[in-house]
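Working notes for the structure below.
The values are calculated or read from the model by the stated rules, or taken from the named source; none is laboratory data. Note that the coordinates shown come from a computational prediction; the quantities given were computed from them, not determined experimentally. Cβ: placed from backbone, ideal geometry, glycine included. Neighbour counts: every protein chain shown. Quick note on the areas: whole protein, heavy atoms, side chains included, nothing else; ligands and nucleic acids left out. Shrake-Rupley method; radii C 1.70, N 1.55, O 1.52, S 1.80 Å.
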Amino acid sequence: MLKVRGLEVFYGPIRAVRGIDLDVESGEIIALVGGNGAGKTTTVRAIAGLTPYKGTITYDGKPLTPNTAELNLRAGLALVPEGRGILGRMTVEENLSMGTYCRKDHAEAARDIERMFERFPILKERRHSLANLLSGGEQQMLAIARALLSRPRLLLLDEPSLGLAPKTTTAVFELISSLRRDGLTVLLVEQKARQTLKIADRAYLLETGRVVMSGRAADLANDSLMSQAFLGGATSPEIGSP
Amino acid sequence: MSTYYAGLFADIGILFLGAMSVYIILATGQLSLGNAGFMGIGAYVASFLTVEMQWPLTAALIAAALAAAAIGIVVGFPALRLKGIYLAIATLGFGEMVRSFLLNFDRMGGSGGFHGMKHVSLEYIWLWGGGIFVLIVLLERSRLWLEMRAVHDDETAANLVGLNTTATKVGAFGFGAAVAAVSGGLFAHHHVYIEPGNFGFERSIDFVLAVILGGSTVGAGAVVGAGLLVLLPEWLRFLADWRLAAFGVLLVLVLLTRRQGILDRPLLDKLSLRRARA
């Protein structure tokens, strides 16, 4: 579904991503894990079309053009950015309505918004309040709901658990699992490696802009290098526990 | 109406249009300090067309607006790369560029100014003012406005819901420039004499001030702002030499108590509700 080959992204003279290869197959949850500054966010931003890059990214067999986020969205590729990217000075309802911006089927889009309200009752309760005034968890739900309203086939999530309470984090991870059951493909960037590897099919471990390890998520969770670098200490059988 | 008040209301109309031009651009989160430049372009193009080409004024104003819009779009593209204070300074530079170009443009009188325009009535000025105001109110209720607010709020987020933020921002610059040009054309035909000094930095500041004072979140705020900016210094005349200082104090007081300006959406709703009940 998504093929990334030799991806390089520069911030001025700094090479933040140094030649990454990445594959996402339809229906998978792919995790991108790694420490701060590993290049995870930069990679998904490049895929979403928010930054210029070198290398090729093909989606459904067609190459994407760098820096064309709005076209990528129309192709079915939506990103929930780090920090959620909600429109804070607009209401919950306006945010969701913006989520259907690129769609032509207005009646169906309006029904989809109602369905989102059913799926996330808290958003319905607060539909008229400014998005800024929602709690972190609610904002994350809103951001994901808004991205879903564009009816993507591939959802890119950049640190959805950032700044959330453990309980809310669990809810977000459950939501991601349920999205896959609905047939969505997810590319998930996370620092919370344990929980991420538990729900992912495959994972890529990034370090200073390179892929240092990749494979089945379960294998990565049990790998000693991975566990030393990111999971805190020796491999343990109950790796999945948060 | 006395000629004194007719003159003041004409000035309010012209300032209101200038303030509108800032408001439209500001709605996408871009602060322009160079709209007097677009006003100057409008004034000179419209005057050239009516005086030298014998065009009717309305046609000349439309042509001037289109010319300024084209220049506004050209200015809008480099402005995309700038934000906040950097954009403000760059647009200020643009305004000064236009002024000094006009100063050296002898074909249209250079520093000596240009005259020969026929005076327009107060009603004609407010016909334009009212027409553009209605246009803005309609815009504020449209989906396009939601897009402009989204761009203002968070450009990346707007981009991610599929908005073409470039088109929105550049379009706002073009529209704002066109409105400023109408303001300039009317100014030229109201005062029947123009010189480059009319379209300097201070004029741009007046536009921004009218928006900030009147209310930067609703179009109607510019009416209030423009009215106060013209009338207050007149009403304060009894203070003689101190009137501008008193005006400054009032301005600071208003902004201290109402950061969003005098008029905002809740106040506007309250006012229109009362009117509906009465």
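Structure notes:
- A cut-off of 5 Å between modelled amide H atoms, ignoring neighbours fewer than 5 places along the same chain, links A:Leu50 with A:Asn67.
- Residue ranking by accessible heavy-atom surface, 1.4 Å probe, largest first, among A:Met213, B:Met108 comes out as A:Met213, B:Met108.
- Percent of Cα-Cα distances greater than 26 Å, calculated over chain B: 42
- In chain A, Cα pairs under 8 Å separated by at least six residues give a relative contact order of 26 percent.
- Where Rh is the Kirkwood radius over Cα pairs, Rg/Rh for the protein assembly as shown: 1.08
- Separation of the A:His106 and B:Leu239 label points, Cα + 7 Å toward Cβ, nm: 5.1
- Relative to the longest principal axis of the Cα atoms of chain A, the long axis of helix A:136-148 makes an angle of roughly 80 degrees.
- Amide H partners (placed H, <5 Å) of A:Gly37, local residues excluded: none
- Rounded to whole Hz, the Karplus (6.51, -1.76, 1.60) HN-Hα couplings of the range A:19-26, x for glycine and proline: x, 9, 10, 8, 10, 10, 9, 4
- Above-threshold pairs, the threshold being 24 Å between Cα atoms, out of A:Lys3/A:Lys54; A:Lys104/B:Lys270; A:Lys104/B:Lys83; A:Lys40/A:Lys192; A:Lys40/A:Lys104: A:Lys104/B:Lys270; A:Lys104/B:Lys83; A:Lys40/A:Lys104
- Taking every protein chain into account, the 1.4 Å probe leaves A:Thr56 with about 80 Å² of accessible area, to the nearest ten.
- For the peptide A:141-147, the mean number of other protein chain Cβ atoms found within 10 angstrom of a residue's Cβ is 1.
- Nearest-10 value in Å² for the accessible area of B:Arg143, using the 1.4 Å probe: 100
- Solvent-accessible area of B:Thr168 with every protein chain in place, 1.4 Å probe, in Å² to the nearest 10: 20
- Phi to ³J(HN,Hα) by Karplus 6.51 cos²θ - 1.76 cosθ + 1.60 over the range B:101-112, Hz, x for Gly, Pro: 5, 4, 4, 9, 8, 5, 3, 10, x, x, 5, x
- Peptide B:146-156 is shielded by partner chain Cβ atoms: per residue, an average of 5 of them sit within 10 Å of its Cβ.
- Using θ = phi - 60° in the Karplus curve 6.51 cos²θ - 1.76 cosθ + 1.60, the 3J(HN,Hα) couplings for the range A:119-130 round to 6, 10, x, 4, 5, 5, 4, 10, 4, 9, 8, 5 Hz; x is entered for Gly and Pro.
- Expected-Rg normalisation [2.2 N^0.38 Å, Cα atoms] applied to the range B:210-278: 1.24
- Percent of beta bridges antiparallel (DSSP, the protein assembly as shown, rounded to nearest 5): 55
- Span from the the range B:1-57 Cα centroid across to the the range B:205-246 one, whole angstrom: 17
- Reachable aspartates and glutamates from A:Lys62, criterion Cα separation under 15 angstrom, eight or more residues apart if same chain: A:Asp23, A:Glu25
- Distance (nanometres) between label positions extended 7 Å along Cα→Cβ at B:Val252 and B:Ser100: 3.3
- Per-selection Kirkwood Rh - the range B:125-278 (Cα, Å, 1 d.p.): 17.8
- Around the amide H of A:Tyr204, modelled in the peptide plane, lie the amide H atoms of A:Ala31, A:Leu32, A:Val33, all under 5 Å away and 5 or more residues distant in sequence or on another chain.
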